[in-house]
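S.K.: Supplied in structure tokens, the structure appears directly below.
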Amino acid sequence: MDYAINHVNEDHRKEMVQIVKGYTDVSDVSDVTLLDYDAKGMEAMVVEKNKGKQKIWIGFPRVLKGPHDFRSVLVDMVNVARKKLEK
């Protein structure tokens, strides 16, 4: 679990910003740090340009059956978020 969180924070911040923008009402995001996740969703620290930092919860579109599902769910969420943000 720690490896996955560290990997996301080191290599996928841009994608996490897209997920936040696509799945929440937080739109003025400048940075996102993944804090934790469980089978139902993830907790992240979001930096909004005019509001500062806040913790948010983002539910997964499906419940993870195990740690191996985390990557595929995030990839799906990024793809959906990108489509929403294109509109």
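The values are calculated or read from the model by the stated rules, or taken from the named source; none is laboratory data. Predicted, not measured: the structure shown is a model, and the values here were computed from it. In this analysis, Cβ positions are derived from the backbone assuming ideal geometry, glycine residues included, and neighbour counts consider all displayed protein chains. Just so you know, the surface numbers come from the protein's heavy atoms only, side chains and all, with ligands and any DNA or RNA stripped out. Shrake-Rupley method; radii C 1.70, N 1.55, O 1.52, S 1.80 Å.
S.K.: Return yes or no: is VAL78 touching a residue at least 60 places away in the same chain (Cβ under 8 Å) and either farther than 18 Å from ASP2 by Cα or part of a helix (DSSP H, G or I) (or both)? Break it down into steps so the answer makes sense when it comes.
M.R.: On the way: touching a residue at least 60 places away in the same chain (Cβ under 8 Å): yes; either farther than 18 Å from ASP2 by Cα or part of a helix (DSSP H, G or I) (or both): yes.
Yes.
S.K.: How many residues does the range 25-44 contain that are at pLDDT below 95 and out of contact with any Lys or Arg (no Cβ under 8 Å at 6 or more places or on another chain)?
M.R.: Residues flagged as at pLDDT below 95 and out of contact with any Lys or Arg (no Cβ under 8 Å at 6 or more places or on another chain) within the range 25-44 amount to 2.
S.K.: In the range 10-46, what residues are in a helix (DSSP H, G or I) and over 15 Å from VAL78 (Cβ atoms)?
M.R.: Of the residues in the range 10-46, the ones in a helix (DSSP H, G or I) are 10-11, 13-23.
Matches in the range 10-46: GLU10 only.
S.K.: Considering only residues that are touching a helix residue (DSSP H, G or I) at 6+ places or on another chain (Cβ under 7 Å) and without any contact (Cβ under 8 Å) to a residue 12 or more places away in the chain, which ones fall in the range 28-68?
M.R.: Passing the criteria: only ARG62.
S.K.: Test MET45 against the criterion of being open to solvent by 20 Å² or more (accessible area, probe 1.4 Å), under 19 Å from ILE5 (Cα atoms) and either of a type in the set (A, V, I, L, M, F, W, C) or touching a Cys at 6+ places or on another chain (Cβ under 9 Å) (or both), and give yes or no.
M.R.: Numbers: open to solvent by 20 Å² or more (accessible area, probe 1.4 Å): yes; under 19 Å from ILE5 (Cα atoms): yes; either of a type in the set (A, V, I, L, M, F, W, C) or touching a Cys at 6+ places or on another chain (Cβ under 9 Å) (or both): yes.
In short, yes.
S.K.: Another one. For the range 48-87, give me each residue that is modelled with pLDDT of 95 or more and of a type in the set (Gly, Ala, Ser).
M.R.: Residues satisfying the conditions are GLY59, SER72, ALA81.
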